[in-house]
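Everything on this sheet refers to the single structure shown next.
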Ligand code: NCD
């Protein structure tokens, strides 16, 4: 059983394999024949999208990734319309979904639920895989995968992620995307990470400890302009104000943590600008025109990476490789 609860399931060979599979899938899908063949890969499978926290990209890309493989989907996007309002426990709800489908993709406002769902699956007679599509402030493993894919493709001509200096900026304290991506950095050689954040939203000690334990060199700064010329990638995130308890966000001056035309002038020609989206004011819309702005491509990569991941979970990767060699 292959659950994706957090980034610990991925090692370098699997990451490389998923990146390769992503590129194969999108190549096959380009031709109408290829797209039809992909849809024949899993037409008897069904997936449940259980998203009780707002989502645009992750929901739509997961849904469409399933459809690319012919997998039918059903959804609950609000626990107030499920039997949880009648007092059904989370575990009983998940067990119920698993009675009807072959895969559960879930996003929750609080951490820990995907792990609970996976543990439950491992204890029942008809388990189905669980994919964590975002667990509170904690983890977002499939976003980290598409980020890895985008970085690898961006640095295709310069040796991939290995040896690069990657800046992560914004609300590092409560941003699950940067937390998951930081963890995956341990699989890349010679990478240096720079955390750039206002004091209020510095990276949490657990990730700093993880970096230290895994020998991932990192530094922390509040001075974007000083570090920007050194970076190969700047991964920008928004302030996660939905997690405010005492209105923490409103007192923070975000101006020094934004990318606009001035910052473009400081950034290397070969660097890339990423963002998991949705964005706030931290990336000016003018930046969209710059060839180094990678976030819209990153968003699209997300669907193809999720196709690859789901294909891997259902053991369809060999069939995709065969399709690619036949149709390409
Ligand atoms: C991110 C998330 O939900 O954590 N969005 C996404 O999935 N692309 C980032 C965010 O909401 O800031």
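The values are calculated or read from the model by the stated rules, or taken from the named source; none is laboratory data. Here the structure is a predicted model, which is why all the values come from computation and not from measurement. When we count neighbours, we look across all protein chains shown, and the Cβ atoms used for this are built from the backbone with ideal geometry, even at glycine.
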TODO: Could you tell me whether residue 215 is away from the ligand (no atom under 16 Å from the Cβ), on the phi > 0 side of the Ramachandran plot and touching a helix residue (DSSP H, G or I) at 6+ places or on another chain (Cβ under 9 Å)?
DONE: yes
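Yes/no matrix, rows are residues, columns are (1) within 11 Å of the ligand (Cβ to nearest atom); (2) closer than 23 Å to residue 242 by Cα; (3) without any contact (Cβ under 8 Å) to a residue 60 or more places away in the chain:
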position	(1), (2), (3)
52	no, yes, yes
64	no, no, no
70	no, no, yes
109	yes, yes, yes
119	no, no, yes
125	no, no, yes
137	yes, yes, no
153	no, no, no
Open item on the list: Suppose we keep only residues that are touching a strand residue (DSSP E or B) at 6+ places or on another chain (Cβ under 7 Å) and within 16 Å of the ligand (Cβ to nearest atom) within segment 159-173. Which one would you say is nearest to residue 270 (Cα to Cα)?
Closed with: 168
Task: Filter result for the condition that a residue is in a loop (DSSP other than H, G, I, E, B), within 30 Å of residue 279 (Cα to Cα) and at pLDDT 95 or above, over 54, 111 - done: 111
- [ ] Among the numbered conditions (1) assigned to a helix (DSSP H, G or I); (2) touching a residue at least 24 places away in the same chain (Cβ under 8 Å), tell me where residue 75 comes up short.
- [x] (1)
Open item on the list: Condition first: surrounded by fewer than 17 Cβ atoms within 10 Å (Cβ to Cβ) and farther than 16 Å from residue 256 by Cα. Now tell me which residues in segment 211-233 satisfy that.
Closed with: 212, 213, 214, 215, 217, 219, 230
Task: Residue count, segment 252-304 (criterion: part of a helix (DSSP H, G or I) and within 16 Å of the ligand (Cβ to nearest atom)) - done: 11
TODO: Within segment 129-160, track down each residue that is surrounded by fewer than 24 Cβ atoms within 10 Å (Cβ to Cβ) and not in a helix (DSSP H, G or I).
DONE: 129, 136, 137, 138, 155, 159, 160
Task: Failed item in (1) away from the ligand (no atom under 16 Å from the Cβ); (2) under 24 Å from residue 139 (Cα atoms); (3) within 22 Å of the chain's Cα centre (by Cα), with residue 92 passing the rest - done: (3)
TODO: Sort out which residues of segment 174-203 are touching a residue at least 40 places away in the same chain (Cβ under 8 Å), part of a loop (DSSP other than H, G, I, E, B) and either within 13 Å of the ligand (Cβ to nearest atom) or touching a strand residue (DSSP E or B) at 6+ places or on another chain (Cβ under 7 Å) (or both), and write them in order of number.
DONE: 174, 175, 197
Task: Condition broken by residue 323, with the remaining ones in (1) touching a residue at least 60 places away in the same chain (Cβ under 8 Å); (2) within 15 Å of the ligand (Cβ to nearest atom); (3) in contact with a helix residue (DSSP H, G or I) (Cβ under 6 Å, 6 or more places away or on another chain) satisfied - done: (2)
Open item on the list: Quick check on residue 239: is it within 16 Å of the ligand (Cβ to nearest atom), crowded, with 17+ Cβ neighbours inside 10 Å and either more than 22 Å from the chain's Cα centre (by Cα) or part of a loop (DSSP other than H, G, I, E, B) (or both)?
Closed with: yes
